[in-house]
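Okay, so here's the structure we're looking at.
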Amino acid sequence: MSTLIAVVLFVGVIAYALFGGADFGAGFWDLTAGGRRRGHRTRELINSSVSPVWEANHTWLVFCLVTIWTGFPQAFTAITTTLYLPLGLAALGIVARGAGFAFRHALADHPLERISGATFALSSVLTPFFFGTVAGGIASGRVPSAGHGDPLTSWLNPTSFLGGGLAITVCAYLAAVFLTGQARRDAHTAMEEAFRRRALGAGIFAGVVAVAGVFVLHADSPRLFRRLSGVGAPLLIISALCGLAALLLLRRGRPLVVRTLAAIAVAAVVAGWGVAQYPYLLGTHLTIGEGAAPTATLWVLFVVSCVAAALIVPSLFLLYTLQLRRRLG
C-alpha cells in the first residue's frame, strides 16, 4: 500500500508539473514580452489562454500536499521543517502571482496595471524555481529523517539550483508549445510564429541545462546520478525523443499531437526522478515503507483519492476542452 500511495502522490506531482508548469511558463513569456505596446498581443494571448484555468491547476498542488501529509507524515514533517524557506517563498509566489493576475485585469488602463502585471510575471518565474530547489534538496539527501535540517544549505546547493533552473526552462518550453497551438487555433499567424521560435529556443536551452546537469549531479549527488543513468535512463531517453519530436512538428504537426509529445517529455523527466529516488522518500535514509502511515490510513487515503479522481478529473477535462475551444469568456 505504501508503494501504491507513493505512485498516487507522484501522479499528482506529474499533473501539477504539466498543468501548473504551463501556467507558470506563460508568466515567463509575459515577463519577457517587452513594453506595453510591444508586448500587447503576446499578453492578450496569454490572458485569454490562462484566465479560465489558472486557479483550477492548483488543485493538483493541494492534492499532493494532502497526500504526502496523510500518507507519509514523517517525510512531510521533515520536508516542512527543513525546506520551510523555499516552500514559504513558493507559497508567497503563488499568492502574489494570483493577486497580480487578478488586479491586472481590474486595473486595466490604470498606472498600477504595470505593477500588477510585473508581480504576476516575476512570481511566475520565481515560484517554479523555489519548487525546483525543494525537489533538489529532497533528491540530494539534504533533508534528514528527523527534520530540522540546515535551513540554507538544504536548498542553496548545486543540485537544488539545477532543479530550479530546469523547472523554469521546462515551464517556459511547455507554455510556448501550448501557446503556439492556441495561436494557430485563433488564426494569429504572427503570434504562432513568435511562440514557435520561443518554443524552439526554450527546448534547446532546456536540453543544454539538462546536459550540464549531468556534471552537476555527478559531483554533488552521485547516487542520484547513478540511478538516473541506470534505471532512469529509458525515461530520460523517452523524454529527449518526445521533446525533439514536438519541436520538429511545431510547424506542420497538429496541435494536439505536439502538445501530447511535449507533455510526455516533461512527464518522463519527472517520472525519471521518481524512479531514481525509489525506494527512498528522502535521500537514502528514509524508505517509502518506513515513512508511511499505518495501513488502515493508507487504504482510506487510496479510496478518497479514487473518489476525488472520479469527481475532479472529468470536471477538469471539461474545463480544458471548453477553454481550448474558446467556449469560455
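How many of the residues in region 262-291 are over 17 Å from LEU228 (Cβ atoms) and assigned to a helix (DSSP H, G or I)?
7
Are there any pairs with C-beta distances below 7 angstrom linking a residue in region 183-198 that is farther than 19 Å from GLY27 by Cβ to a residue that is assigned to a helix (DSSP H, G or I) and hydrophobic (A, V, I, L, M, F, W, C), with the two at least 6 apart or on different chains, and if so which?
HIS188/LEU45; GLU192/ALA183
From the list ALA135, ALA190, exactly one residue is in contact with a helix residue (DSSP H, G or I) (Cβ under 8 Å, 6 or more places away or on another chain) and either more than 23 Å from ALA276 (Cβ to Cβ) or surrounded by fewer than 19 Cβ atoms within 10 Å (Cβ to Cβ) (or both). Which is it?
Among ALA135, ALA190, only ALA190 is in contact with a helix residue (DSSP H, G or I) (Cβ under 8 Å, 6 or more places away or on another chain) and either more than 23 Å from ALA276 (Cβ to Cβ) or surrounded by fewer than 19 Cβ atoms within 10 Å (Cβ to Cβ) (or both).
Counting only residues that are farther than 17 Å from THR59 by Cβ and in contact (Cβ under 8 Å) with a residue 24 or more places away in the chain, which one in region 302-327 is surrounded by the fewest Cβ atoms within 10 Å (Cβ to Cβ)?
ARG326
Among the numbered conditions (1) touching a strand residue (DSSP E or B) at 6+ places or on another chain (Cβ under 8 Å); (2) assigned to a helix (DSSP H, G or I), tell me where SER116 comes up short.
Going through the list (1) touching a strand residue (DSSP E or B) at 6+ places or on another chain (Cβ under 8 Å); (2) assigned to a helix (DSSP H, G or I), SER116 breaks only (1).
What do you reckon, is ASP186 of a type in the set (D, E, K, R) and modelled with pLDDT under 90?
Here the answer is yes, as ASP186 does meet what is asked.
Give just the number: which of (1) surrounded by 21 or more Cβ atoms within 10 Å (Cβ to Cβ); (2) not in a loop (DSSP other than H, G, I, E, B) does ARG142 not satisfy?
(2)
Filter region 1-20 down to the residues that are assigned to a helix (DSSP H, G or I) and either farther than 30 Å from THR297 by Cβ or of a type in the set (A, V, I, L, M) (or both) and list them by number.
Result: LEU4, ILE5, ALA6, VAL7, VAL8, LEU9, VAL11, VAL13, ILE14, ALA15, ALA17, LEU18.
Scan (1) in contact (Cβ under 8 Å) with a residue 12 or more places away in the chain; (2) under 18 Å from the mean Cα position of the chain (by Cα) for the single condition VAL66 breaks and write down its number.
Answer for VAL66: the failing condition is (1).
Name the residues in region 214-256 that are assigned to a helix (DSSP H, G or I), among the basic types (Lys, Arg) and without any contact (Cβ under 8 Å) to a residue 40 or more places away in the chain, would you?
Scanning region 214-256 gives a single hit, ARG226.
Quick one: which residue in ARG184, ARG196 is among the basic types (Lys, Arg) and touching an Asp or Glu at 6+ places or on another chain (Cβ under 8 Å)?
Unique residue meeting the criteria: ARG184.
Does PHE101 meet the test of being in a helix (DSSP H, G or I), of a type in the set (Phe, Trp, Tyr) and more than 15 Å from the chain's Cα centre (by Cα)?
yes
Could you say whether any residue in region 135-157 is free of Cβ contacts under 8 Å to residues at least 40 places away in the same chain, closer than 22 Å to ILE79 by Cα and of a type in the set (Ser, Thr, Tyr)?
Yes, because at least one residue in region 135-157 is free of Cβ contacts under 8 Å to residues at least 40 places away in the same chain, closer than 22 Å to ILE79 by Cα and of a type in the set (Ser, Thr, Tyr).
The values are calculated or read from the model by the stated rules, or taken from the named source; none is laboratory data. Remember, it's a predicted structure, so these values are computed and weren't measured experimentally. Neighbour counts run over all protein chains shown; Cβ positions are idealised from the backbone, glycine included.
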